[in-house]
Amino acid sequence: MNPAERAARAVDHLQQRHRPVAFVVGVVKKFGDDRGSMLVALLTYYGFMSLFPLLLVATTILGFIGNRSLVNNVIGETLRQFPVYGDQLGRDAAHPLHGNSFALALGLLGLIYGSLGIAQAGQHAMAEVWNVPGVRRPGFFPRLVRALVLFATVGLGMAAGAGASVLVLRAGNPNVVRVLLLLAQLLLNVGLAIGVFRILTPKDIPTGDLVLGAILAAIGYTALLNLGTALVQHQLRHAQAVYGQFGFVLGLIGWIYLVAELTMYSAEVNVVRVRRLWPRSIVQPPLTDADRRVLHDIARQEERRPEQRVGVGFDPDPVAEATDDAEHPRR
(Lines give C-alpha, C1' and ligand atoms only; values in the text may rest on other atoms or scores of the structure.)
Protein backbone atom coordinates (compact mmCIF):
# COMPACT_ATOMS: atom_id res chain seq x y z
CA MET A 1 0.00 0.00 0.00
CA ASN A 2 1.57 3.29 -1.09
CA PRO A 3 1.52 6.41 1.15
CA ALA A 4 -1.27 8.12 -0.81
CA GLU A 5 -3.57 5.10 -0.51
CA ARG A 6 -2.66 4.69 3.14
CA ALA A 7 -3.64 8.32 3.83
CA ALA A 8 -6.89 7.95 1.86
CA ARG A 9 -7.84 4.83 3.80
CA ALA A 10 -7.10 6.59 7.09
CA VAL A 11 -9.46 9.41 6.12
CA ASP A 12 -12.03 6.83 4.99
CA HIS A 13 -11.93 4.99 8.32
CA LEU A 14 -12.20 8.30 10.18
CA GLN A 15 -15.32 9.45 8.33
CA GLN A 16 -17.00 6.06 8.74
CA ARG A 17 -16.63 6.26 12.53
CA HIS A 18 -18.36 9.68 12.82
CA ARG A 19 -22.06 9.47 12.03
CA PRO A 20 -22.75 13.08 10.87
CA VAL A 21 -19.77 13.04 8.52
CA ALA A 22 -20.63 9.54 7.30
CA PHE A 23 -24.20 10.67 6.57
CA VAL A 24 -22.98 13.62 4.48
CA VAL A 25 -20.55 11.37 2.61
CA GLY A 26 -23.41 8.93 2.04
CA VAL A 27 -25.56 11.66 0.49
CA VAL A 28 -22.75 12.85 -1.78
CA LYS A 29 -21.90 9.28 -2.81
CA LYS A 30 -25.56 8.48 -3.53
CA PHE A 31 -25.83 11.63 -5.65
CA GLY A 32 -22.87 10.43 -7.71
CA ASP A 33 -24.18 6.85 -7.94
CA ASP A 34 -27.47 8.16 -9.36
CA ARG A 35 -25.66 10.37 -11.91
CA GLY A 36 -27.10 13.35 -10.10
CA SER A 37 -25.26 15.90 -12.24
CA MET A 38 -26.98 14.57 -15.36
CA LEU A 39 -30.37 14.71 -13.64
CA VAL A 40 -29.71 18.30 -12.54
CA ALA A 41 -28.72 19.25 -16.09
CA LEU A 42 -31.90 17.63 -17.42
CA LEU A 43 -34.06 19.52 -14.93
CA THR A 44 -32.28 22.77 -15.77
CA TYR A 45 -32.84 22.34 -19.49
CA TYR A 46 -36.52 21.49 -19.22
CA GLY A 47 -37.04 24.11 -16.50
CA PHE A 48 -35.69 26.83 -18.76
CA MET A 49 -37.64 25.61 -21.79
CA SER A 50 -40.87 25.37 -19.76
CA LEU A 51 -40.64 28.68 -17.90
CA PHE A 52 -41.69 31.13 -20.58
CA PRO A 53 -44.61 29.08 -22.00
CA LEU A 54 -45.97 28.65 -18.48
CA LEU A 55 -45.66 32.38 -17.77
CA LEU A 56 -47.46 33.11 -21.03
CA VAL A 57 -50.27 30.69 -20.12
CA ALA A 58 -50.64 32.20 -16.63
CA THR A 59 -50.61 35.74 -17.96
CA THR A 60 -53.22 34.96 -20.61
CA ILE A 61 -55.54 33.24 -18.13
CA LEU A 62 -55.27 36.14 -15.71
CA GLY A 63 -55.90 38.52 -18.60
CA PHE A 64 -59.38 37.03 -18.98
CA ILE A 65 -60.19 37.96 -15.38
CA GLY A 66 -60.33 41.61 -16.35
CA ASN A 67 -59.23 43.03 -12.99
CA ARG A 68 -56.06 44.85 -14.01
CA SER A 69 -54.91 45.58 -10.44
CA LEU A 70 -55.24 41.89 -9.51
CA VAL A 71 -53.38 40.84 -12.63
CA ASN A 72 -50.59 43.32 -12.02
CA ASN A 73 -50.23 42.35 -8.36
CA VAL A 74 -50.24 38.59 -8.91
CA ILE A 75 -48.03 38.68 -12.00
CA GLY A 76 -45.62 41.20 -10.50
CA GLU A 77 -45.22 39.41 -7.18
CA THR A 78 -44.98 36.03 -8.86
CA LEU A 79 -42.26 37.19 -11.22
CA ARG A 80 -40.31 38.59 -8.30
CA GLN A 81 -39.93 34.99 -7.11
CA PHE A 82 -37.53 34.57 -10.03
CA PRO A 83 -34.61 36.49 -8.55
CA VAL A 84 -32.65 36.82 -11.79
CA TYR A 85 -34.07 39.96 -13.37
CA GLY A 86 -37.65 39.41 -12.32
CA ASP A 87 -38.55 42.96 -13.33
CA GLN A 88 -37.25 42.39 -16.84
CA LEU A 89 -39.29 39.20 -17.07
CA GLY A 90 -42.32 41.23 -16.07
CA ARG A 91 -41.72 43.82 -18.78
CA ASP A 92 -40.76 41.47 -21.57
CA ALA A 93 -42.85 38.34 -20.97
CA ALA A 94 -46.09 39.31 -19.28
CA HIS A 95 -48.16 40.11 -22.38
CA PRO A 96 -51.38 38.07 -22.71
CA LEU A 97 -52.26 36.25 -25.91
CA HIS A 98 -55.30 37.47 -27.85
CA GLY A 99 -57.35 36.24 -30.79
CA ASN A 100 -60.08 33.77 -31.69
CA SER A 101 -61.28 31.87 -28.61
CA PHE A 102 -60.99 28.43 -30.22
CA ALA A 103 -57.54 29.10 -31.64
CA LEU A 104 -56.45 30.64 -28.35
CA ALA A 105 -57.62 27.56 -26.43
CA LEU A 106 -55.69 25.28 -28.79
CA GLY A 107 -52.63 27.51 -28.43
CA LEU A 108 -52.81 27.40 -24.65
CA LEU A 109 -53.18 23.61 -24.69
CA GLY A 110 -50.14 23.41 -26.97
CA LEU A 111 -48.14 25.60 -24.60
CA ILE A 112 -49.15 23.48 -21.61
CA TYR A 113 -48.23 20.27 -23.40
CA GLY A 114 -44.91 21.77 -24.45
CA SER A 115 -44.21 22.68 -20.84
CA LEU A 116 -44.69 19.14 -19.55
CA GLY A 117 -41.01 18.39 -20.00
CA ILE A 118 -40.03 19.74 -16.58
CA ALA A 119 -42.70 17.62 -14.86
CA GLN A 120 -41.67 14.50 -16.77
CA ALA A 121 -38.00 15.15 -16.00
CA GLY A 122 -38.83 15.68 -12.33
CA GLN A 123 -40.72 12.39 -12.11
CA HIS A 124 -37.86 10.58 -13.84
CA ALA A 125 -35.32 12.15 -11.46
CA MET A 126 -37.23 11.14 -8.34
CA ALA A 127 -37.67 7.58 -9.62
CA GLU A 128 -33.93 7.41 -10.28
CA VAL A 129 -33.07 8.73 -6.84
CA TRP A 130 -35.26 6.11 -5.17
CA ASN A 131 -34.02 3.42 -7.61
CA VAL A 132 -37.58 2.41 -8.47
CA PRO A 133 -37.53 -0.50 -10.98
CA GLY A 134 -38.76 0.47 -14.42
CA VAL A 135 -41.61 -2.04 -14.21
CA ARG A 136 -43.03 -0.22 -11.17
CA ARG A 137 -42.82 3.31 -12.59
CA PRO A 138 -46.04 5.05 -13.71
CA GLY A 139 -47.01 4.97 -17.37
CA PHE A 140 -47.55 7.87 -19.76
CA PHE A 141 -51.08 8.86 -18.78
CA PRO A 142 -50.49 8.71 -14.99
CA ARG A 143 -47.38 10.84 -15.52
CA LEU A 144 -49.41 13.28 -17.61
CA VAL A 145 -52.01 13.64 -14.84
CA ARG A 146 -49.28 14.16 -12.27
CA ALA A 147 -47.72 16.83 -14.46
CA LEU A 148 -51.00 18.77 -14.64
CA VAL A 149 -51.48 18.42 -10.88
CA LEU A 150 -47.92 19.66 -10.39
CA PHE A 151 -48.54 22.77 -12.49
CA ALA A 152 -51.74 23.51 -10.57
CA THR A 153 -50.00 23.02 -7.22
CA VAL A 154 -47.00 25.18 -8.10
CA GLY A 155 -49.25 27.85 -9.60
CA LEU A 156 -51.45 28.02 -6.50
CA GLY A 157 -48.39 28.00 -4.25
CA MET A 158 -46.74 30.87 -6.08
CA ALA A 159 -50.00 32.83 -6.20
CA ALA A 160 -50.42 32.29 -2.45
CA GLY A 161 -46.86 33.50 -1.89
CA ALA A 162 -47.50 36.55 -4.04
CA GLY A 163 -50.72 37.32 -2.15
CA ALA A 164 -48.99 36.93 1.21
CA SER A 165 -46.24 39.30 0.07
CA VAL A 166 -48.78 41.93 -0.96
CA LEU A 167 -50.63 41.69 2.37
CA VAL A 168 -47.50 41.78 4.50
CA LEU A 169 -46.02 44.71 2.58
CA ARG A 170 -49.13 46.73 3.35
CA ALA A 171 -48.54 46.28 7.09
CA GLY A 172 -46.83 48.76 9.41
CA ASN A 173 -43.35 48.46 10.96
CA PRO A 174 -40.76 47.57 8.26
CA ASN A 175 -38.79 45.28 10.61
CA VAL A 176 -41.93 43.41 11.60
CA VAL A 177 -42.89 43.26 7.93
CA ARG A 178 -39.59 41.62 7.01
CA VAL A 179 -39.92 38.98 9.73
CA LEU A 180 -43.55 38.23 8.88
CA LEU A 181 -42.78 38.08 5.18
CA LEU A 182 -39.87 35.69 5.76
CA LEU A 183 -41.93 33.40 8.02
CA ALA A 184 -44.88 33.39 5.63
CA GLN A 185 -42.55 32.70 2.72
CA LEU A 186 -40.84 29.84 4.56
CA LEU A 187 -44.10 28.18 5.63
CA LEU A 188 -45.55 28.42 2.13
CA ASN A 189 -42.35 27.03 0.62
CA VAL A 190 -42.38 24.10 3.04
CA GLY A 191 -45.95 23.22 2.13
CA LEU A 192 -45.21 23.66 -1.57
CA ALA A 193 -42.05 21.53 -1.39
CA ILE A 194 -43.85 18.68 0.38
CA GLY A 195 -46.58 18.79 -2.27
CA VAL A 196 -44.06 18.83 -5.14
CA PHE A 197 -42.04 15.94 -3.67
CA ARG A 198 -45.23 13.91 -3.19
CA ILE A 199 -46.44 14.52 -6.75
CA LEU A 200 -43.10 13.75 -8.41
CA THR A 201 -42.19 10.67 -6.35
CA PRO A 202 -43.70 7.24 -7.22
CA LYS A 203 -46.60 6.27 -4.96
CA ASP A 204 -44.70 3.28 -3.56
CA ILE A 205 -42.69 5.72 -1.42
CA PRO A 206 -44.64 6.84 1.72
CA THR A 207 -45.20 10.57 2.15
CA GLY A 208 -43.56 10.51 5.57
CA ASP A 209 -40.27 9.50 3.94
CA LEU A 210 -40.31 12.71 1.87
CA VAL A 211 -40.86 15.32 4.58
CA LEU A 212 -37.31 15.91 5.81
CA GLY A 213 -35.86 16.47 2.35
CA ALA A 214 -38.78 18.71 1.39
CA ILE A 215 -38.23 20.86 4.48
CA LEU A 216 -34.51 21.15 3.71
CA ALA A 217 -35.32 22.07 0.10
CA ALA A 218 -37.77 24.74 1.27
CA ILE A 219 -35.27 26.22 3.72
CA GLY A 220 -32.56 26.25 1.08
CA TYR A 221 -34.86 27.78 -1.53
CA THR A 222 -35.97 30.49 0.88
CA ALA A 223 -32.33 31.25 1.68
CA LEU A 224 -31.53 31.45 -2.03
CA LEU A 225 -34.42 33.84 -2.57
CA ASN A 226 -33.43 36.16 0.27
CA LEU A 227 -29.64 35.87 0.44
CA GLY A 228 -28.60 34.82 -3.03
CA THR A 229 -30.72 37.26 -5.02
CA ALA A 230 -28.66 40.37 -4.33
CA LEU A 231 -25.38 38.55 -4.98
CA VAL A 232 -26.58 36.99 -8.23
CA GLN A 233 -27.99 40.24 -9.54
CA HIS A 234 -24.84 42.15 -8.56
CA GLN A 235 -22.58 39.67 -10.32
CA LEU A 236 -24.73 39.58 -13.44
CA ARG A 237 -25.53 43.28 -13.76
CA HIS A 238 -22.22 44.02 -15.50
CA ALA A 239 -22.44 40.81 -17.51
CA GLN A 240 -25.77 41.95 -18.92
CA ALA A 241 -24.33 45.36 -19.74
CA VAL A 242 -21.54 43.69 -21.73
CA TYR A 243 -23.33 40.69 -23.21
CA GLY A 244 -26.90 41.99 -23.36
CA GLN A 245 -29.56 39.28 -23.40
CA PHE A 246 -26.91 36.57 -23.22
CA GLY A 247 -26.13 37.69 -19.67
CA PHE A 248 -29.81 37.51 -18.76
CA VAL A 249 -30.19 34.01 -20.22
CA LEU A 250 -27.05 32.73 -18.50
CA GLY A 251 -28.19 34.20 -15.19
CA LEU A 252 -31.60 32.56 -15.44
CA ILE A 253 -30.09 29.19 -16.38
CA GLY A 254 -27.67 29.48 -13.44
CA TRP A 255 -30.53 30.19 -11.03
CA ILE A 256 -32.59 27.24 -12.27
CA TYR A 257 -29.50 25.02 -11.98
CA LEU A 258 -29.01 26.00 -8.32
CA VAL A 259 -32.65 25.22 -7.52
CA ALA A 260 -32.47 21.86 -9.36
CA GLU A 261 -29.27 20.85 -7.58
CA LEU A 262 -30.72 21.83 -4.20
CA THR A 263 -33.81 19.74 -4.95
CA MET A 264 -31.83 16.67 -5.96
CA TYR A 265 -29.56 16.75 -2.92
CA SER A 266 -32.61 17.16 -0.66
CA ALA A 267 -34.19 14.11 -2.31
CA GLU A 268 -30.99 12.14 -1.76
CA VAL A 269 -31.12 13.05 1.95
CA ASN A 270 -34.51 11.33 2.13
CA VAL A 271 -33.22 8.13 0.52
CA VAL A 272 -30.05 7.93 2.60
CA ARG A 273 -31.98 8.55 5.83
CA VAL A 274 -34.81 6.10 5.15
CA ARG A 275 -32.60 3.28 3.86
CA ARG A 276 -29.70 4.00 6.25
CA LEU A 277 -27.21 4.17 3.41
CA TRP A 278 -24.20 5.07 5.51
CA PRO A 279 -21.35 4.70 6.21
CA ARG A 280 -20.04 4.46 2.65
CA SER A 281 -16.47 3.65 1.72
CA ILE A 282 -14.42 6.24 -0.15
CA VAL A 283 -11.62 3.79 -1.04
CA GLN A 284 -12.73 0.37 -2.27
CA PRO A 285 -12.42 -2.48 -1.56
CA PRO A 286 -13.76 -3.36 0.92
CA LEU A 287 -17.42 -2.50 0.38
CA THR A 288 -19.58 -1.57 3.34
CA ASP A 289 -23.09 -2.94 3.80
CA ALA A 290 -24.46 0.41 2.59
CA ASP A 291 -22.31 0.18 -0.55
CA ARG A 292 -23.72 -3.27 -1.30
CA ARG A 293 -27.33 -2.12 -0.79
CA VAL A 294 -26.85 0.84 -3.12
CA LEU A 295 -25.29 -1.29 -5.85
CA HIS A 296 -28.06 -3.87 -5.40
CA ASP A 297 -30.78 -1.21 -5.81
CA ILE A 298 -29.10 0.31 -8.87
CA ALA A 299 -29.04 -3.08 -10.58
CA ARG A 300 -32.63 -3.91 -9.62
CA GLN A 301 -33.98 -0.65 -11.06
CA GLU A 302 -33.15 -1.93 -14.55
CA GLU A 303 -36.05 -4.41 -14.43
CA ARG A 304 -38.36 -3.46 -17.29
CA ARG A 305 -40.84 -6.36 -17.45
CA PRO A 306 -42.92 -8.17 -14.78
CA GLU A 307 -41.38 -11.50 -15.77
CA GLN A 308 -37.82 -10.12 -15.61
CA ARG A 309 -35.65 -10.69 -12.54
CA VAL A 310 -32.25 -9.10 -11.94
CA GLY A 311 -29.96 -10.83 -9.45
CA VAL A 312 -26.96 -9.20 -7.77
CA GLY A 313 -23.95 -10.97 -6.27
CA PHE A 314 -20.61 -9.87 -4.84
CA ASP A 315 -17.23 -11.55 -4.92
CA PRO A 316 -15.40 -12.21 -1.65
CA ASP A 317 -13.54 -9.25 -0.18
CA PRO A 318 -10.01 -9.37 -1.67
CA VAL A 319 -8.55 -7.17 1.07
CA ALA A 320 -9.93 -9.41 3.81
CA GLU A 321 -8.69 -12.52 1.99
CA ALA A 322 -5.21 -11.02 1.59
CA THR A 323 -5.09 -10.13 5.29
CA ASP A 324 -6.27 -13.61 6.26
CA ASP A 325 -3.64 -15.22 4.01
CA ALA A 326 -0.93 -13.07 5.55
CA GLU A 327 -1.97 -14.02 9.09
CA HIS A 328 -2.68 -17.67 8.32
CA PRO A 329 -0.50 -18.80 5.39
CA ARG A 330 -1.67 -21.87 3.54
CA ARG A 331 0.52 -25.00 3.76
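The values are calculated or read from the model by the stated rules, or taken from the named source; none is laboratory data. Here the structure is a predicted model, which means the values were calculated and not measured. Note: ideal-geometry Cβ built from the backbone for every residue, glycine included; neighbour counts use all protein chains shown. For the accessible areas, the whole protein counts, side chains as well, though only heavy atoms, and no ligand, DNA or RNA atoms are used. Shrake-Rupley method; radii C 1.70, N 1.55, O 1.52, S 1.80 Å.
Below is a table of values for the structure above.
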{"read-out": "Neighbours by Cβ (under 8 Å, 6+ apart or cross-chain): first from segment 22-44, at positive phi; second open to solvent by 10 Å² or more (accessible area, probe 1.4 Å) and assigned to a helix (DSSP H, G or I)", "value": "Arg35/Glu128"}
{"read-out": "Filter result for Leu43 (at pLDDT 70 or above and either open to solvent by less than 90 Å² (accessible area, probe 1.4 Å) or hydroxyl-bearing (Ser, Thr, Tyr) (or both))", "value": "yes"}
{"read-out": "Total residues in segment 196-231, condition buried (at least 16 other Cβ atoms within 10 Å of the Cβ), over 23 Å from Arg275 (Cβ atoms) and in contact with a helix residue (DSSP H, G or I) (Cβ under 8 Å, 6 or more places away or on another chain)", "value": "5"}
{"read-out": "Filter pass, Leu183 being under 24 Å from Leu55 (Cα atoms) and either modelled with pLDDT of 90 or more or surrounded by fewer than 14 Cβ atoms within 10 Å (Cβ to Cβ) (or both)", "value": "no"}
{"read-out": "Filter result (more than 18 Å from the chain's Cα centre (by Cα), loosely packed, with under 14 Cβ neighbours inside 10 Å and in a helix (DSSP H, G or I)) within segment 9-40", "value": "Ala10, Val11, His13, Leu14, Arg17, Arg19, Pro20"}
{"read-out": "Any pair with Cβ under 6 angstrom, 6 or more apart, that starts in segment 110-133 at a residue that is in contact (Cβ under 8 Å) with a residue 12 or more places away in the chain and closer than 10 Å to Tyr46 by Cβ and ends at one that is of a type in the set (Ser, Thr, Tyr) and open to solvent by 40 Å² or more (accessible area, probe 1.4 Å)", "value": "Gly117/Tyr46; Ile118/Tyr46; Ala121/Tyr46"}
{"read-out": "Pair list, Cβ < 6 Å and 6+ apart or interchain, from segment 179-204 residues that are over 13 Å from Tyr221 (Cβ atoms) to residues that are of a type in the set (Val, Ile, Thr) and open to solvent by less than 50 Å² (accessible area, probe 1.4 Å)", "value": "Leu180/Val168; Leu181/Val168; Gly195/Thr153; Pro202/Val132"}
{"read-out": "Qualifying helices (runs of 4 or more DSSP H) (wholly inside segment 211-288; at least 1 residues being modelled with pLDDT under 80 and farther than 17 Å from Leu43 by Cβ)", "value": "229-243, 245-275"}
